[in-house]
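The values are calculated or read from the model by the stated rules, or taken from the named source; none is laboratory data. These numbers come from a predicted model, not from an experiment. Cβ coordinates were reconstructed from backbone atoms using ideal geometry, including for glycine residues, and neighbour counts include every protein chain displayed. For the accessible areas, the whole protein counts, side chains as well, though only heavy atoms, and no ligand, DNA or RNA atoms are used. Shrake-Rupley method; radii C 1.70, N 1.55, O 1.52, S 1.80 Å.
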Amino acid sequence: MLSSDSWSVSALSVSLAFVAALVLSFLAKLWLSGRQVRHVAQHRDSVPPAFAGTVSLKAHQKAADYTMARSRVGTLHLAFDTALLVGWTLLGGLDLLNQWMLSWEPLIGPMGYQLGLLVGFALLSGLLDLPWSLYNTFRLEQRFGFNRTTLRLFVMDGLKGMVVGAVVGLPIAALILWLMGAAGHTWWMWAWAVWMGFNLLMLVVYPTLIAPLFNKFEPLADPTMRERVEGLMARCGFAAKGLFVMDGSRRSAHGNAYFTGLGASKRVVFFDTLLSRLNPPEVEAVLAHELGHFKRRHVLKRMVMMFALSLAGFALLGLLSTLPQFFLGLGVRPSLTAPNDALALLLFMLVLPPFTFFLTPLMAFWSRKHEFEADAYACEQSSGRDLSAALLKLHEDNAGTLTPDPVFARFYYSHPPASERLAAISALSGLPTGVGRLDGGAA
Ligand SMILES: [Zn+2]
C-alpha cells in the first residue's frame, strides 16, 4: 500500500491547502464580481461627465447591461467549474478516468496509456464546457447583437481546434512525458527547455500557419490608409508587410487590434470590424500604439516573464510528482507499475489555478503599465487626439463599461479603464482634460 500513516497526514495537508486556495479564490471572485455588478448598476442611468459629449446614454446603458449580463453568466460558470474541479480531484473523477485508462495499458503500452489519459481528459472537459460556450455565443452575444457565428462555423471551429490540438499538442506532450520518464531527477529542466523551444516555435508558427486556418488575413487594401500606415511604419522602423486585416466579422461584431509573432513573423493585426469604424488618422494612431508594444520591448519582457514562471512551475512539478501524498491528497491513486507522469501533469494543471489566481492583480498591473507606455509611444509618433477617438469607438464596439468598480479594475483589467487612459493621453498630448471635447475637431 502506498498510504502509510505518515503519508496520509501529509496527504491531508495537501487536501487542506488545495481546499483553502479553492475556497478563498472562489470567494474572492464572487466578491469582486458582486462589486462590479453593483457599481455598474449604480452608474447605469447617467453617462460620466467626462464622456458626456462623446458617448450616448443608449450606448452607456447597453454597456452596463452587457457587463451585468456577462457577470451573471460568469458567476454561474464559476460555480459550475469549481464544483467540477472538486469532482475531478477530491471526489475521484480523475481517478476513475485514470483507472479505466490503466486497464488499457497492457494493450497500448505505457506511452499509449499516458497520451490516452491526456486525450480522454481533454475531450471530457471540452464536452462539459460546450454548453457554456454555446450559451455565451448563441444567447448572450446574440442578445446584444454581437454574434455573427453560425452553428456550422461553430462546429467547424471546434473540429479544426481538435485536429490542430492533436497535431501540435500530442508530439510535444509525448516528448515531455518521455523526458519525465527517461531524464532522471532533473527531467524538469530538460522539459522546461523543450517547452520554451516549443513556445518560441509557436510564436512563429501560430500567426503564419495556425491562425490562417481560422481566419483570412490580408494586407491593407485601401490606398489612402496604406500610404499613411506605411509612412508611420517607416518612421518607426517596422517592416511594411507586417500589417494585416483579419475577417473578425465572420464570428463577431466586436472589434480589436493586436500584435503577435517574432522575427519575420511579427505583425500587427486589425479586425475588419474595427477598421471599418476608423478613419485613416485613427488607424494610424492605433497602429502606433501596437508598434509601441514592440518598440518598448513588451513582447520580449512578456516572454522572459513567461520563461521564468514556467521554470518555477516545472521545478515545482518536479518536486510534487515524486511525492505520493501529492496524488493521494488530491484524490487520485498513483499506479505502482505504470508511469504516473501524465497523471501528475494533469493534476498539477488542475490544482494550480486556484493558487496562481492571487497573482492576477500583479500581472494585470504590469499589463496596464505596458498599455500606458504604448499609448505614450503612440502620442509621440502619431496623434493623441486620434488615439482617444479610436479608443472610444473601440470601447463602444465592445460595449465596455465606462464605470467599472475601481477594485475590480485594479484586480483584473489588463487595459486601464477608459477614463484613466484618456486622461493620460490628454495630459501627454497637451489636450484639454475634459475628454468629452476630444472628438470635436478630429473627424
Ligand atoms: Zn495595447
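Here are some notes:
- Within the range 284-301, residues that are farther than 16 Å from PHE271 by Cα and in contact (Cβ under 8 Å) with a residue 12 or more places away in the chain have Cβ atoms under 8 Å from residues that are among the acidic types (Asp, Glu) and within 11 Å of the ligand (Cβ to nearest atom) in these pairs: GLY292/GLU373; GLY292/ASP375; ARG296/GLU373; HIS298/GLU373, counting only partners at least 6 apart in sequence or on another chain.
- Of all residues in the range 354-370, those that are closer than 23 Å to ASP81 by Cβ have Cβ atoms under 9 Å from Cβ atoms of residues that are within 15 Å of the ligand (Cβ to nearest atom) and open to solvent by 40 Å² or more (accessible area, probe 1.4 Å), 6 or more apart or on another chain, in MET363/SER414; ALA364/TYR413; ALA364/SER414.
- Residue in the range 133-150 that is surrounded by 16 or more Cβ atoms within 10 Å (Cβ to Cβ), part of a helix (DSSP H, G or I), touching a strand residue (DSSP E or B) at 6+ places or on another chain (Cβ under 7 Å) and not hydrophobic (A, V, I, L, M, F, W, C) present: yes
- Members of the range 103-121 that are hydroxyl-bearing (Ser, Thr, Tyr) and touching a residue at least 60 places away in the same chain (Cβ under 8 Å): TYR113
- Residue list for the range 90-104, restricted to those being surrounded by 15 or more Cβ atoms within 10 Å (Cβ to Cβ) and not in a helix (DSSP H, G or I): LEU90, GLY92
- When we screen LEU24, LEU123 for residues that are more than 17 Å from PHE357 (Cβ to Cβ) and open to solvent by 50 Å² or more (accessible area, probe 1.4 Å), the only hit is LEU123.
- No other residue among PHE259, PHE326 is modelled with pLDDT of 95 or more and not small (Gly, Ala, Ser) apart from PHE326.
- Being away from the ligand (no atom under 15 Å from the Cβ) and out of contact with any helix residue (DSSP H, G or I) (no Cβ under 6 Å at 6 or more places or on another chain) is a property that does not hold for ALA315.
- Contacts under 9 angstrom Cβ, first residue in the range 408-422 being part of a helix (DSSP H, G or I), partner charged (D, E, K, R) and away from the ligand (no atom under 12 Å from the Cβ), 6 or more apart: PHE408/ARG35; ALA409/GLU420
- Single condition LEU153 does not satisfy, out of (1) open to solvent by 30 Å² or more (accessible area, probe 1.4 Å); (2) out of contact with any Leu (no Cβ under 9 Å at 6 or more places or on another chain): (1)
- Residues satisfying the stated conditions in the range 73-89, i.e. open to solvent by less than 50 Å² (accessible area, probe 1.4 Å) and either under 14 Å from LEU128 (Cβ atoms) or not polar (S, T, N, Q) (or both): VAL73, GLY74, HIS77, LEU78, ALA79, THR82, LEU84, LEU85, VAL86, GLY87, TRP88
- Selection status of ARG226, of a type outside the set (A, V, I, L, M) and without any contact (Cβ under 8 Å) to a residue 12 or more places away in the chain: yes
Yes or no, residue by residue, for (1) farther than 30 Å from GLU284 by Cβ; (2) hydrophobic (A, V, I, L, M, F, W, C); (3) away from the ligand (no atom under 16 Å from the Cβ):
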{"site": "LEU330", "(1), (2), (3)": "yes, yes, yes"}
{"site": "LEU343", "(1), (2), (3)": "yes, yes, yes"}
{"site": "GLU371", "(1), (2), (3)": "no, no, no"}
{"site": "ALA390", "(1), (2), (3)": "no, yes, no"}
{"site": "LYS393", "(1), (2), (3)": "no, no, no"}
{"site": "PHE411", "(1), (2), (3)": "yes, yes, yes"}
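- Residue check, SER383 of a type in the set (Gly, Ala, Ser) and away from the ligand (no atom under 16 Å from the Cβ): yes
Here's the yes/no breakdown for (1) farther than 30 Å from HIS254 by Cα; (2) modelled with pLDDT under 95; (3) in contact with a Lys or Arg (Cβ under 8 Å, 6 or more places away or on another chain):
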site	(1), (2), (3)
LEU96	yes, no, no
TRP100	yes, no, no
ILE108	yes, no, no
TYR113	yes, no, no
GLY126	no, no, no
SER133	no, no, no
ALA173	yes, no, no
TRP178	yes, no, no
GLY184	yes, yes, no
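- Matching residues, the range 240-270, being open to solvent by less than 30 Å² (accessible area, probe 1.4 Å) and at positive phi: GLY261
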